[in-house]
Amino acid sequence: MFLAIFSPKGNDEVSPDATLMQQLLRKDVSAFEELYERHSRIVYSLVLRILRQGTTAEEVVQDVFLQLWRNSARYDLSRPFVPWLLTLARNRALDHLRLKSERQRRREEQTEEFPQIATAAPEYEKALDEKRRAERVRSLMGSLPAAQKKAIELAYFEGLSHSEIAASLHEPLGTVKSWIRNGLLRLKEELQATS
Amino acid sequence: MSTHDHFRELIEAYAIGSLDAAECAELEAHLASGCADCVKALEEARWLVSQLAYLAPNAQPSDMLKGRLLQTVRAEAAAGGQPRQEPVHSTGIPWWLWAGVAALLIFSVYSAWNERQLRSAVNNLQQQAEAQRAERQKLEQDLLAAKTQAHEAMIWSDPKSKKIMLQPKDPNMPQLEAMWHPELGLCVRGWKVPSPGEKRMLQLWLISKKSGKPMPSMTFWPDSNGTFSAMVENPPDTMSDTQALAITEEPMGGSPQPTSAPMWVGGVS
């Protein structure tokens, strides 16, 4: 059972990002600059992949980092920073990508101003640095059948629902649901195996 | 499959945001009921989903973006952390306001220039209209003069006209001549006629055959050469009812009755 290996991170371990976020509470511009240097590339890469337009992507990235600066007090320092930042960036980019549909409002209600993400990151998060984890994610996704990989990408980068993906790929709804869930579970296994 | 297992299978799709509305509502209701196992699974699934960001091709934002951001946060930090509506502007006035002021200035200058141009154009048009009006007046006067000349010429040349010689009472004065057409009117002309006294003019009278009284007609005066030519289109009486023509010197504007002795007299019938 995978859940068995997940355990809360020790509160005595303070990540560099959490330290910078603490400094951000005091409106420390150098801490903001450091956070930007550390994470702007992955945030911009994600937003650009979703929006496919450089100027708009930069506007969204600017919005994301200004949210970080202005609402730093609302960030829970006990939560892993990068997944939270990426979720915030993805939500902002999808907001730009689509009109205010019911699903989008639902996502906004679900995530509120700042995204609610894992309070307990898996152990393997510590075992891999960001670069190696990125490599593992790409390797695993590259090994999936093309249609399954496409289904996951449509869900994550396009924000499409199961039904929309099924219609887009001309595949049965049940198949699409299985592809997405099994793909994510395989990703979890891969990251666990690496750790 | 238990209800819990059913919801557990929806967790990953919910985390990535691909659940359709009905399933989404069901799962949210289940999570709200306090299922700790599913809540924890969802937190982990969200972390897992966030890792998909690494599938995006590597890209780097421009240095300008960093510059804009740092400029904004430095300004906000200096202002005590108050967010600014516009990211960059050292004066604190947003760029669109400057743009608006600039546009307004340009528009004002253009309007003033345009108004001057329009005023100049209107003045030119007014001057042109005035010139055209004067030209038209002159043409009308010329036309009237030509008509009068033609009318007079017809009176002087038509065989139905009767010539009347007006003899001066003063032998030193020239003789005048008149021509009366029964339908076209009466003309009188003369040469080397001395100018009347100051504020006086000459007036023609028709002496009625029945009453013998003078009937007032036109007034006139000679030019600097002593020449004059006058015409009466509608004489106050017919030729057959008129005994004679007489000319006196009268005050400016003429008189209803002669105020001086006739200077010229000519019999009509």
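Values in this text are rule-based calculations from the coordinates and carry no lab data. Quick caveat: nothing in here was measured; it's all calculated off a predicted structure. Here the Cβ positions follow ideal geometry from the backbone for every residue, glycine too, while neighbour counts run over all protein chains shown.
Structure data summary
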| quantity | calculated |
| --- | --- |
| Largest to smallest principal axis extent of the C-alpha atoms in chain B, angstrom | 148, 49, 35 |
| Counted charge near B:HIS151, where neighbours are those whose Cβ lies closer than 12 Å (Asp, Glu -1; Lys, Arg +1) | -3 |
| With 5 Å bins from 0: P(r) over segment A:123-195, alpha-carbon pairs, percent | 3, 17, 26, 19, 15, 11, 6, 2 |
| Under the Karplus curve 6.51 cos²θ - 1.76 cosθ + 1.60, θ = phi - 60°, whole-Hz ³J(HN,Hα) for segment A:135-147, x wherever Gly or Pro sits | 5, 5, 4, 5, 5, 5, 5, x, 8, 6, x, 3, 5 |
| Mean residue ellipticity (222 nm) of chain B, computed from DSSP H runs ≥ 4 via -39,500 (n - 2.57), nearest 500 | -15000 deg cm²/dmol |
| Partnerless cysteines, meaning none of the other Cys C-beta atoms lie under 4.7 Å away, in chain B | B:CYS24, B:CYS187 |
| Value of D in µm² per second that Stokes-Einstein yields for the protein assembly as shown, Kirkwood Rh from Cα pairs, at 10 °C (1.306 mPa s) | 50 µm²/s |
| Order of B:LEU105, A:LEU86 - criterion: other Cβ atoms within 10 Å of each residue's Cβ, fewest first | B:LEU105, A:LEU86 |
| Set of lysines near B:LYS169 by C-alpha distance (under 29 Å), chain-local residues within fewer than 8 positions excluded | B:LYS160, B:LYS192, B:LYS199, B:LYS209, B:LYS210, B:LYS213 |
| Inter-part distance where segment A:56-100 and segment B:153-171 are each reduced to a Cα centre, Å | 115 Å |
| Residues of segment B:103-126 with amide N under 15 Å of a point placed 7 Å along Cα→Cβ from B:ALA134 | B:124-126 |
| Farthest positive-ward along segment B:3-55 dipole, Cα basis, beta-carbon charges - from B:LEU42, B:ALA25, B:HIS4 | B:LEU42 |
| Phi-based couplings in Hz for segment A:165-182 (Karplus 6.51, -1.76, 1.60; Gly and Pro marked x) | 5, 4, 5, 5, 9, 6, 10, x, 4, x, 5, 5, 4, 5, 4, 5, 5, 5 |
| Hits among lysines - C-alpha to C-alpha of A:LYS27 under 21 Å, sequence gap 8 or more where chains match | B:LYS66 |
| Candidate aspartates and glutamates for bridging to B:LYS162, where Cα separation is under 20 Å - those fewer than 8 sequence places away on the same chain excluded | B:GLU152, B:GLU177, B:GLU183, B:GLU233, B:ASP237, B:ASP241 |
| Gain upon complete extension [B:ASP241, B:LYS209; 0.36 nm per residue less C-alpha separation] | 11.0 nm |
| Nitroxide proxy distance, nm - points 7 Å out along Cα→Cβ at A:SER168 and B:LYS163 | 11.8 nm |
| Charge context of A:LYS131, other residues only, Cβ under 12 angstrom, K/R +1, D/E -1 | +2 |
| Rel. contact order, % - alpha carbon contacts under 8 angstrom, at least six apart, chain B | 12 percent |
